[in-house]
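Undergrad: One structure, as structure tokens, below. Some questions next.
The values are calculated or read from the model by the stated rules, or taken from the named source; none is laboratory data. Because the structure is a prediction, the values reported are computed rather than measured. Every residue, glycine as well, gets a Cβ built from its backbone with ideal geometry; the counts of neighbours run over all protein chains shown. These accessible areas exclude ligands, DNA and RNA; they are computed on the full protein's heavy atoms, side chains included. Shrake-Rupley method; radii C 1.70, N 1.55, O 1.52, S 1.80 Å.
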Amino acid sequence: MNDTAARLRAVTGHRLFWPALVLVLMLVANTVYRPGFLAVEVKDGHLYGTPIDILRLSAPLILVALGMTLVIATGGIDLSVGSLCAISGAIACLYISKAPDQNSLSTVFTALALALGVALVLGMWNGVLVAVIGIQPIIATLILMVAGRGVAQLVTEGQIITINSGPYRAIGLGHFLTLPLAILIALAAALLVAAFTRRTALGLIVESVGGNAEASRLAGIRSGRIIFLVYVVSAACAAVAGFMMTANVSSADGNAAGLWVELDAILAVVIGGTSLAGGRFSLSGTILGALIIQTLTTTVYAMNISPQTSLLFKAVVVIAVCLIQAPAFRARFARRRSGPTPGPAAPQREKEQVPA
């Protein structure tokens, strides 16, 4: 009996248990409300269904959240990822729209390389402001968050750039080996980041910098370079996510593309168990958090919840997830259920023996 209780505590104490439980409960609730929710079918050699749509639509958020995880692990924050999505998508679509043959692979690859290069330069800008100049991350990235929207509007000249490029559209809507290409791109990015952070010493270095940057510097770690690197990686992930967002609609809107995705990415990271104070991080938890957010969005649409209350509904669920996975909250809730702890029994006074 004690072994079973110990195993149960070990399972429930895992950082991914409560997010995974919430995701399962949301899927069950959707299945009860709509019995065909989990149905997946094959059409023309491609997989279709609501679960596939959730995975495909969560791919851009997973990419942005992966970069955000590394930034938060160093004790920073990147509020500019939404603007970077808009800039990268706008540059790629603008280049393709000016090309004589929009379906040319060389045109699409050149557009992607050009947009990715600009995003990397902007990520370096964030890294210099934070790691070299020493500006607080929330202020440094807030600058690009605001100015980046203006840059995206300048690129598009305040208009929506529409393209008709099959290869570019495939980034968001194409299929490969029966699966949507967006899912495979997000999976490849997650495996690449995991390989560098969990199969090499880079992950431990990132965690040490986030735990105590000064102690890491005294230990010989160039913390400035690590902080600079994570902002560049975050920009690269945001750029690829921007390609997906614009490819889904075959157009670029500098004002709407990637709007508020930085907040969803932060929520995904926090739901996944990564502390905003920096230090240890969980890539698998971040992916799980992104899936929860996208499943929640799909649930809101499936249940015909009005747009005016959907954000409130989303906020309530996210707060509930964060609370139930907080050890301090669970411990306090458990104490209230068990009632007040009885105090120590008062010692009984020994009777005085009266001599005869």
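Undergrad: For region 172-203, which residues satisfy the criterion of being closer than 23 Å to Tyr48 by Cα, open to solvent by less than 20 Å² (accessible area, probe 1.4 Å) and more than 17 Å from the chain's Cα centre (by Cα)?
TA: Those that are closer than 23 Å to Tyr48 by Cα, open to solvent by less than 20 Å² (accessible area, probe 1.4 Å) and more than 17 Å from the chain's Cα centre (by Cα): Gly172, Gly174, Pro180.
Undergrad: Restricting to region 214-233, name every residue that is of a type in the set (Gly, Ala, Ser), open to solvent by 40 Å² or more (accessible area, probe 1.4 Å) and assigned to a helix (DSSP H, G or I). Spell out how you get there, then give the answer.
TA: So in region 214-233, the residues of a type in the set (Gly, Ala, Ser) come out as 215-216, 219-220, 223-224.
Among the residues that remain, those that are also open to solvent by 40 Å² or more (accessible area, probe 1.4 Å) are: 215, 219-220.
Answer for region 214-233, where residues must be of a type in the set (Gly, Ala, Ser), open to solvent by 40 Å² or more (accessible area, probe 1.4 Å) and assigned to a helix (DSSP H, G or I): just Ala215.
Undergrad: I would also like to ask the following. In region 78-124, what count of residues is obtained for those that are buried (at least 21 other Cβ atoms within 10 Å of the Cβ) and under 21 Å from the mean Cα position of the chain (by Cα)?
TA: 15
Undergrad: With the requirement that a residue be of a type in the set (A, V, I, L, M, F, W, C) and closer than 20 Å to Gln102 by Cα, what does region 137-168 give you?
TA: Listed by number, the residues that qualify are Val155, Ile160, Ile161, Ile163.
Undergrad: I would also like to ask the following. Here is a check on your reading of the model: is Ala236 assigned to a helix (DSSP H, G or I), surrounded by 18 or more Cβ atoms within 10 Å (Cβ to Cβ) and modelled with pLDDT of 75 or more?
TA: Criteria met by Ala236.
Undergrad: Any residue that is of a type in the set (S, T, N, Q) and in a loop (DSSP other than H, G, I, E, B) - is there at least one of those in region 70-78?
TA: yes
Undergrad: Considering only region 249-275, state which residues are over 21 Å from Ile292 (Cβ atoms), of a type in the set (S, T, N, Q) and open to solvent by 50 Å² or more (accessible area, probe 1.4 Å).
TA: Asn255, the sole residue that qualifies.
Undergrad: Scan region 67-74 and give yes if some residue there is surrounded by 14 or more Cβ atoms within 10 Å (Cβ to Cβ), touching a Gly at 6+ places or on another chain (Cβ under 6 Å) and either among the aliphatic types (A, V, I, L, M) or without any contact (Cβ under 8 Å) to a residue 12 or more places away in the chain (or both), otherwise no.
TA: Step one: list which residues in region 67-74 are surrounded by 14 or more Cβ atoms within 10 Å (Cβ to Cβ), which gives 67-74.
Those left that are additionally touching a Gly at 6+ places or on another chain (Cβ under 6 Å): 73-74.
Pick out the ones that are also either among the aliphatic types (A, V, I, L, M) or without any contact (Cβ under 8 Å) to a residue 12 or more places away in the chain (or both) and you get 73.
Yes, there is a match, as at least one residue in region 67-74 is surrounded by 14 or more Cβ atoms within 10 Å (Cβ to Cβ), touching a Gly at 6+ places or on another chain (Cβ under 6 Å) and either among the aliphatic types (A, V, I, L, M) or without any contact (Cβ under 8 Å) to a residue 12 or more places away in the chain (or both).
Undergrad: Out of the residues in region 1-44 that are over 20 Å from Ile287 (Cα atoms), of a type outside the set (A, V, I, L, M) and part of a loop (DSSP other than H, G, I, E, B), which is least open to solvent (accessible area, probe 1.4 Å)?
TA: Phe37
Undergrad: Also: Any idea which residue in region 239-248 is surrounded by the fewest Cβ atoms within 10 Å (Cβ to Cβ), counting only those that are closer than 19 Å to Asp78 by Cβ and in contact with a Gly (Cβ under 8 Å, 6 or more places away or on another chain)?
TA: Met244
Undergrad: Okay, next question. Can you tell me how many residues in region 87-108 are touching a strand residue (DSSP E or B) at 6+ places or on another chain (Cβ under 8 Å) and either without any contact (Cβ under 8 Å) to a residue 12 or more places away in the chain or under 30 Å from Ile271 (Cα atoms) (or both)?
TA: Of the residues in that region, 1 qualify.
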